[in-house]
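One structure is given here, and the rest of the page talks about it.
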Amino acid sequence: MSSYSKNNNIRLSSIPARLKPTSQYSRAEPSPLSASSYGSSVEDYIGSGTDTVGGRTPVFDKRLSFVREDDERSDISHLRSPHRFDIDYSEDEDDIMSDGSKRPAFLRPTDGRSGMPLLKKPDDEDRGRPRYSSSRPSSPLPLPISTPSSLSRPPTFGRRSTMRSRSPDTQARMAARKKYTYAAIFLVISLISFTVQTELGRYVQHELGWDKAYCMLYLTHGSWSLLWPAQLLILRIQKWNTPWPTFWRRHVYLLRSTAHMVARQELDIPRHVVQRSPWPYIVRTTAFITTALTIAGLSWYVAVSMTTPSDLTAIYNCSAFFAYAFSVPLLNEKLRLDKSFAVLVAIAGVLIVAYGDSKDVTTEASTRFLGNMIIGAGSVLYGLYEVMYKRWACPPEGTSATRGMIFANAFGSCIGSFTLLVLWFPLPILHILGWETFELPTGEAAFYLFISVIMNATFAGSFLVLISLTSPVLSSVAALLTIFIVALADWVITGEGMSTATVSGGCMIVFAFLMLSWSTWREMTEDAERKAAVDVAGPVDWSSEDSDKDGDRLD
């Protein structure tokens, strides 16, 4: 036998028995050693060119003998073996247990259990899902050795594990903050769009002479049907890379499941219930809510020529009080002193704006009383419309803000479609009776009316989202801000300064809105924390990302 074989036999005899390759892996090539792991120089890999045995240098042999001697005193040599993940069934159970308790904890739990699947095969090194977020494909290089400094280093967690480790209180506050952020954005949009709509509508009616009350109401409410197509276009742009059949299927499933959540007022909907059609419930709800909204809006146009502008503004904007009154029995809302005081302050501000600068208007007492009664009924119906929409057309508490916004715009399109398809029949009746001659606008009137109608649709979608995310009371008081904003717009456009009554009443409305916002924020946070603590509502949809991972949504 040659000297080369003898040297190899001597080295193999010094290797512990449990590290010797089995017959299954006898032909496996040893993995190259890492220079970073052992601190070797380049000559460990390419050789020094003198006195080499088997391609190894004396420096390498010296270090290998040092490692071999150290392996005999410790039990970490299996980390350098090419078959370090193989299971040796020749050892008895006691040796395995004692051996596992000595292995250093590297990229595995500290309870001694290995992170390698038991059904691992030698030819599928990189198959399967990685157990750890920091795992990487297997490498022929040996793993680095754990040191006391590395073991004492705190573990690193990814963004996903950090998100899942939040407490229920933190999740509740994050959900409330997200809802309020969206609500603030849509509040600003609704105030701007309503101001533009009011100014343009007044210009078309009074300056251009196209004064068709019901026809304008029909066109403005019918424009709500554009909310869902516009929303679908925005969602499609966001999900442009998704194939259209998949996009459409997910969007329909989201609307269908949300409609069942609205009907049952539950977050967890069984799959067999989702398969049913929600259209009967949607049609009934749309009919009731649209009827209340149309009568409330029509009362404004009927009473505008029968009573004074001060009475019209003051009485109609008392809908905030009626919204709070209806919220107690229909929404089970508790009577709170701060919210009640805020509503009263807002109504007082409206009265100051309406009657603070009132001028003598020659109106018959009987006509004025009848007009006030009509606008009072409209105010009650408008408050009822807001509460009915919150009760029977909004998802339950705990639904994600994005899902609520998508369904709010979809239901707004249902209101617009019902108006276009059903509420057209008063137009020929009014034309035959001579009360309102049907005539479409032309020229400049048509252009400004078109912009006014689009602004009304924008206001309607934003206002419906605002009610869905917050409450009817807060939305009603927020709508009162338009009185002060319209006065500011008139000041900028016409140059007429605001009176003391307008400024003081507007400041009272702003103060009431801020007070009510703080009360609603505190109430939302308390309710969310209580539901998170006792888990009353079941699987609360705190995040808008939950069902998107399951492929059931596009928001």
Inset, instruction - State the number of residues belonging to region 325-338 that are in contact (Cβ under 8 Å) with a residue 40 or more places away in the chain and within 27 Å of the chain's Cα centre (by Cα). - result: 4
Legend entry - Selection status of Glu496, charged (D, E, K, R) and in contact (Cβ under 8 Å) with a residue 24 or more places away in the chain: no
Inset, instruction - State whether one or more residues within region 433-446 are assigned to a helix (DSSP H, G or I) and open to solvent by less than 30 Å² (accessible area, probe 1.4 Å). - result: yes
Inset, instruction - Report the residue count in region 234-253 for those that are under 24 Å from Ile415 (Cα atoms) and either free of Cβ contacts under 8 Å to residues at least 12 places away in the same chain or not in a helix (DSSP H, G or I) (or both). - result: 5
Inset, instruction - Kindly indicate the residue of region 517-545 that is surrounded by fewer than 18 Cβ atoms within 10 Å (Cβ to Cβ) and of a type in the set (Phe, Trp, Tyr) and also modelled with the highest pLDDT among those meeting that condition. - result: Trp518
Inset, instruction - Considering every residue within region 242-255, establish whether at least one is in contact with a Ser or Thr (Cβ under 9 Å, 6 or more places away or on another chain) and either surrounded by 19 or more Cβ atoms within 10 Å (Cβ to Cβ) or basic (Lys, Arg) (or both). - result: yes
Inset, instruction - Go through the residues of region 369-386 one by one and say whether even a single one is over 22 Å from Trp300 (Cβ atoms) and exposed (fewer than 15 other Cβ atoms within 10 Å of the Cβ). - result: no
Inset, instruction - Filter region 254-282 down to residues that are outside any loop (DSSP other than H, G, I, E, B) and of a type outside the set (Phe, Trp, Tyr), then give me how many there are. - result: 17
Inset, instruction - Tell me, please, whether a residue that is part of a helix (DSSP H, G or I), at pLDDT below 90, closer than 22 Å to Thr470 by Cβ and not basic (Lys, Arg) can be found in region 353-370. - result: no
Inset, instruction - Could you tell me whether Gln231 is at pLDDT below 95 and either among the acidic types (Asp, Glu) or part of a helix (DSSP H, G or I) (or both)? - result: no
Legend entry - Among residues of region 490-516, those that are of a type in the set (Gly, Ala, Ser), in a helix (DSSP H, G or I) and open to solvent by 20 Å² or more (accessible area, probe 1.4 Å), counted: 1
Legend entry - Matching residues, region 289-306, being under 14 Å from Arg368 (Cα atoms), of a type in the set (A, V, I, L, M, F, W, C), open to solvent by 10 Å² or more (accessible area, probe 1.4 Å) and out of contact with any Phe, Trp or Tyr (no Cβ under 7 Å at 6 or more places or on another chain): Val302, Val304, Met306
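The values are calculated or read from the model by the stated rules, or taken from the named source; none is laboratory data. All of these numbers come straight from a predicted model, not from anything done at the bench. Because the Cβ atoms are built from the backbone with ideal geometry, glycine has one as well, and the counts that use them run over all protein chains shown. The accessibility values were calculated without ligands, DNA or RNA, using every heavy atom of the protein model including side chains. Shrake-Rupley method; radii C 1.70, N 1.55, O 1.52, S 1.80 Å.
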